[in-house]
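In what follows, a structure is listed as structure tokens, so that the remarks can point back to it.
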Amino acid sequence: MYVILRWIAFALVIMFTAWIIPGISVENFWAALIVAVVLGIINAFIKPALQLVTLPINVLTLGIFGLILNALLLMFAGWVSPGFEVDGFLSAFFGSIIISLLSLGINLIDKQNA
């Protein structure tokens, strides 16, 4: 039950981000659920490898490149997921910041309830 509630919470975060950021669109709640799974897979498998490869660039830019990497991965999720579109880099950049902040909030709430 806990996993399903987190999944729904992240889908709502994605829908909220699409509502706030122009250039990001999600067709319906089912598409948001699919995007939540796709982003979870990307963040679990692809992102750690890319962070390791881009570590020197990230150190040189004092972590700014991490934000760019998040935006590129959100654009990739938009390309892979049906019913979810990200129109440009700026939309992906600001959308990834909103998703990251709200995901941090969800994770903090989970830790307090655990």
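If I go through the range 87-97 residue by residue, how many of them are farther than 15 Å from Ala32 by Cα and not in a loop (DSSP other than H, G, I, E, B)?
Within the range 87-97, the first condition is being farther than 15 Å from Ala32 by Cα, and the residues that meet it are 87-94, 97.
Those left that are additionally not in a loop (DSSP other than H, G, I, E, B): 89-94, 97.
Residues in the range 87-97 being farther than 15 Å from Ala32 by Cα and not in a loop (DSSP other than H, G, I, E, B): 7 in total.
Is there a residue being surrounded by 13 or more Cβ atoms within 10 Å (Cβ to Cβ), of a type in the set (A, V, I, L, M), in a helix (DSSP H, G or I) and modelled with pLDDT of 95 or more anywhere in the range 103-110? No, the range 103-110 contains no residue that is surrounded by 13 or more Cβ atoms within 10 Å (Cβ to Cβ), of a type in the set (A, V, I, L, M), in a helix (DSSP H, G or I) and modelled with pLDDT of 95 or more.
Could you run through the range 47-86 and say how many residues are charged (D, E, K, R) and at pLDDT below 95? So the count comes out to 0. Within the range 45-86, the only residue that satisfies the criterion of being in a loop (DSSP other than H, G, I, E, B) and either within 15 Å of the chain's Cα centre (by Cα) or surrounded by 17 or more Cβ atoms within 10 Å (Cβ to Cβ) (or both) is Ser81. Restricted to the range 17-33, and to residues there that are surrounded by 15 or more Cβ atoms within 10 Å (Cβ to Cβ) and not in a loop (DSSP other than H, G, I, E, B), the residue that is nearest to the chain's Cα centre (by Cα) is Thr17.
The values are calculated or read from the model by the stated rules, or taken from the named source; none is laboratory data. Owing to the predicted nature of the structure, the values given are computational and were not obtained by experimental measurement. Note: ideal-geometry Cβ built from the backbone for every residue, glycine included; neighbour counts use all protein chains shown.
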